[in-house]
Structures are given as structure tokens and as C-alpha cells.
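Asker: The structure is given below, and queries will be raised subsequently.
The values are calculated or read from the model by the stated rules, or taken from the named source; none is laboratory data. The structure presented is a predicted model; accordingly, all values stated were derived computationally and were not measured. Counting neighbours? That spans all protein chains shown, and the Cβs are built from the backbone with ideal geometry, glycine included.
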Amino acid sequence: MKTKLEGAASIAVVMPAAIGDTLLMMVLVNNLIRNGYRPTVFSWVVKDLIDWFPGIDVRDEQDVCEPFELVIQLRATASGASLAADGQVCEIVRCEAFQAPGHMIDMIVAVARDAFGLADVTRHNGITVPNWIRFRACERRVAIHPTGSHIEKMWPRKKFVALVRKLVQRDFQPTLLVAPCERQTWLTERDAAQRLHSFDRLADVAAWIAESGWFIGNDSGLGHLASALGVPTLSLFMRRGIARTWRPNWGRGEVVLPYNLFVVGALKERYWKLALTGSRVLRSFDRLRLQEGPRSS
């Protein structure tokens with residue numbers, strides 16, 4: 001069943017709080033714009049990256065004067081309901097087109113094509129690197145994101161520090177991207193302290209990643225950001241099924257999984273941090289570099 005767009009004079013897209021979910025939902029926004037619609041976006045992520053998403057109408061809720069005739073959101077939110085008033089609310093996860101198994105990008109593209117009836121569709125989310133950014137100028141720099149919003153998805157800190165040592169031995173320049181509130185914890189790690197970088201704005205994080213040669217990180221939003229920007233990305237995942245749906249999947253990238261020591265899924269999730277070794281991560285990084293050719297020699 002298609003969601004009617006033609007009768008909607010005003011369209012709002014209310015984004016989730018998570019960085020990765022927002023970057024994925026921007027695929028739908030980009031497709032709406034490609035097909036002649038002018039949605040208004042409500043998102044702290046897009047607002048902070050406004051120079052990276054040129055032409056997007058992004059606002060705060062308090063700036064709204066009239067309700068929207070159609071509100072689109074990934075999952076139901078109180079904000080979406082309030083912005084819609086008597087209008088139509090579309091929850092993407094409830095669309096029939098979203099139900100076919102696959103990668104999140106392709107599921108959202110299917111919604112754009114089949115639920116909204118858009119003719120000109122793309123997998124890209126519309127992000128662009130501003131012209132003042134020196135894209136991948138720091139060829140040997142590896143931006144590493146060792147944290148995340150879900151602790152169960154985070155590879156151990158000691159293993160990340162060991163990975164930093166190995167990369168230094170290989171003449172790379174690993175840098176650890178952590179939030180300002182996480183910085184104090186990482187300062188206790190001698191080999192990590194001098195390589196820590198914290199930024200208050202997401203736009204500054206994006207600039208650091210975009211000028212790096214490589215990105216390594218947990219299953220988190222910054223991996224999606226690196227991939228969308230075109231920086232080769234190595235992502236650490238606990239399970240193949242999760243990676244199949246959620247891996248960063250725009251630019252060149254590799255996924256590294258733990259050794260398959262367990263049959264039961266619950267055990268895989270419980271012990272994946274032990275089963276994923278530093279040597280396995282390094283071998284995956286080597287495969288990613290081989291895809292690059294002479295530049296990474």
C-alpha cells in the first residue's frame with residue numbers, strides 16, 4: 001500500500017536521536033528531494049552537519065508555526081505526533097516495503113520506491129564533503145572509534161589500545177575519537193592518552209574522519225558516517241546477521257567478525273569480544289588496504 005504524497009502540501013521528517021539511524025533515514029530525504037519534494041527535517045545530527053547536507057531545510061520544533069500534513073519517522077515518537085496534528089503520520093518500520101530482509105539502506109530505498117511511489121531513487125543519502133575539507137589528505141591516519149552508545153557492541157578498550165600499538169609499528173598514525181565525557185577514562189591508558197581526540201560538534205568529528213585515510217570502529221554511527229563520506233571503513237560486529245543488516249554500506253568497507261566458536265546465538269553475543277582477536281582485526285584491515293591499491297603501500 002502506497003503512502004500518498006501528492007496531497008501533502010507540507011512534509012516533515014522527524015529523525016531518531018542516533019547518528020547512524022539519521023544517516024540511514026537521510027536516504028529517504030534525499031530521494032524525496034530528487035523527486036521534487038521539499039521536506040522539512042527535524043534532527044540535531046543534520047543541523048550540526050548542515051554544511052555537509054547543503055540545501056536541507058532543517059528546523060527545531062519550537063520554530064514550527066503550523067502542523068504538517070504528512071510526518072515521516074523511522075519509529076513512532078512524541079515529536080512526530082505533535083508535529084502532525086490532524087495530518088498523516090507514516091512510521092517507516094510499519095511499511096510493508098520495509099519488511100523484506102536485507103540491508104537497512106535497501107529497505108529504506110524500497111520504502112521510497114514502493115510505499116511512496118518515487119520514480120528516481122538512489123542509495124545515497126545526499127551527504128557531501130565541503131570544499132574546504134582536504135579529503136583523505138592524511139593518508140596514514142587511522143580514525144578509530146573505540147566506544148559507542150551500546151556497551152554490548154563495544155570491543156574491549158585494552159584490545160583497541162593493543163591495536164593502536166600494532167598500527168604504530170606499521171607506520172600508521174592511529175587516533176582515538178572519543179566523546180568529551182569519555183575522555184577522562186581513556187587518559188588512564190598510557191599508549192592511548194597522546195592519541196585521543198574529542199570534539200564538541202559532530203561537524204568537527206566528520207572533518208577529522210574525512211581527512212583521515214582510514215576508519216576503524218565498533219558497530220556505531222560514526223562507521224556509517226565514515227562510509228557515507230567515502231573513507232574506507234573497517235567495522236567490528238558481534239554477529240553476521242546483525243552485520244548483514246546494519247554494516248556501513250556506502251563506501252568501500254570490510255566487516256570483521258569473531259571466530260565462530262559457538263552455535264547458539266546468545267553465546268555468540270556473550271563471548272564475541274573474546275572471540276574477536278586483534279590479529280583478526282589487523283588481517284581484515286590488510287584486506288581493506290589491498291582494495292585501495294598503490295595508495296596504501
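Asker: Consider G148 carefully, then state whether it is part of a loop (DSSP other than H, G, I, E, B) and under 22 Å from V13 (Cβ atoms). If you could, list the steps in order and put the result at the bottom.
Answerer: On the way: part of a loop (DSSP other than H, G, I, E, B): yes; under 22 Å from V13 (Cβ atoms): no.
So G148 does not fit the description; no.
Asker: Restricting to segment 60-76, name every residue that is part of a loop (DSSP other than H, G, I, E, B) and at pLDDT 95 or above.
Answerer: Hit for segment 60-76 is L74, nothing else.
Asker: I'd like the residue in segment 137-179 that is within 18 Å of the chain's Cα centre (by Cα) and of a type in the set (D, E, K, R) and, out of all such residues, is surrounded by the most Cβ atoms within 10 Å (Cβ to Cβ).
Answerer: K153
Asker: Which of the residues spanning segment 178-204 are among the hydroxyl-bearing types (S, T, Y) and at pLDDT 90 or above?
Answerer: Narrowing segment 178-204 to residues among the hydroxyl-bearing types (S, T, Y): 185, 188, 198.
Matches in segment 178-204: S198 only.
Asker: Now a separate question. Which of (1) in a loop (DSSP other than H, G, I, E, B); (2) in contact (Cβ under 8 Å) with a residue 60 or more places away in the chain; (3) over 18 Å from L23 (Cα atoms) does P130 not meet, given it meets every other one?
Answerer: It fails just one condition, (3).
Asker: Quick one: is L167 more than 22 Å from W272 (Cα to Cα), assigned by TED's automatic domain parsing to the domain that holds K273, among the hydrophobic types (A, V, I, L, M, F, W, C) and in contact with a strand residue (DSSP E or B) (Cβ under 6 Å, 6 or more places away or on another chain)? Even if it seems obvious, please write down each step before you answer.
Answerer: Details: more than 22 Å from W272 (Cα to Cα): yes; assigned by TED's automatic domain parsing to the domain that holds K273: yes; among the hydrophobic types (A, V, I, L, M, F, W, C): yes; in contact with a strand residue (DSSP E or B) (Cβ under 6 Å, 6 or more places away or on another chain): yes.
Criteria met by L167.
Asker: Also, quick follow-up: Pull up segment 180-218, narrow it to residues that are out of contact with any strand residue (DSSP E or B) (no Cβ under 6 Å at 6 or more places or on another chain) and in a loop (DSSP other than H, G, I, E, B), then point me to the one that is surrounded by the most Cβ atoms within 10 Å (Cβ to Cβ).
Answerer: Top of the filtered list is E189.
Asker: Of the residues that make up segment 49-70, is at least one over 21 Å from G221 (Cβ atoms), in contact (Cβ under 8 Å) with a residue 40 or more places away in the chain and in contact with a strand residue (DSSP E or B) (Cβ under 6 Å, 6 or more places away or on another chain)?
Answerer: Yes: segment 49-70 contains one or more residues that are over 21 Å from G221 (Cβ atoms), in contact (Cβ under 8 Å) with a residue 40 or more places away in the chain and in contact with a strand residue (DSSP E or B) (Cβ under 6 Å, 6 or more places away or on another chain).
Asker: Does at least one position in segment 105-122 carry a residue that is outside any helix (DSSP H, G or I), at pLDDT 95 or above and under 30 Å from D286 (Cβ atoms)?
Answerer: So far as segment 105-122 goes, no, none of its residues is outside any helix (DSSP H, G or I), at pLDDT 95 or above and under 30 Å from D286 (Cβ atoms).
Asker: Next up: In the set D120, D86, D106, which member is surrounded by fewer than 16 Cβ atoms within 10 Å (Cβ to Cβ), farther than 22 Å from A17 by Cα and out of contact with any helix residue (DSSP H, G or I) (no Cβ under 9 Å at 6 or more places or on another chain)?
Answerer: D86
Asker: Suppose the filter is modelled with pLDDT of 95 or more, in the same structural domain as L288 (by TED's automatic domain parsing) and either in a helix (DSSP H, G or I) or more than 17 Å from R136 (Cβ to Cβ) (or both); does L234 pass it?
Answerer: no
Asker: Mind listing whichever residues of segment 233-260 are within 19 Å of N125 (Cβ to Cβ) and surrounded by fewer than 24 Cβ atoms within 10 Å (Cβ to Cβ)? Before you say what the answer is, go through the steps one by one.
Answerer: Taking segment 233-260 and keeping what is within 19 Å of N125 (Cβ to Cβ), we get 233, 235, 245-253.
Across segment 233-260, the qualifying residues are T245, W246, R247, N249, W250, G251, R252, G253.
Asker: Filter segment 261-275 for residues that are hydrophobic (A, V, I, L, M, F, W, C) and either more than 17 Å from I151 (Cα to Cα) or loosely packed, with under 14 Cβ neighbours inside 10 Å (or both); which is modelled with the highest pLDDT?
Answerer: Looking at the filtered set, the residue picked out is L274.
Asker: Follow-up question, since we're still on this one. Quick one: count up the residues across segment 22-48 that are of a type in the set (S, T, Y), part of a helix (DSSP H, G or I) and touching a strand residue (DSSP E or B) at 6+ places or on another chain (Cβ under 6 Å).
Answerer: 0
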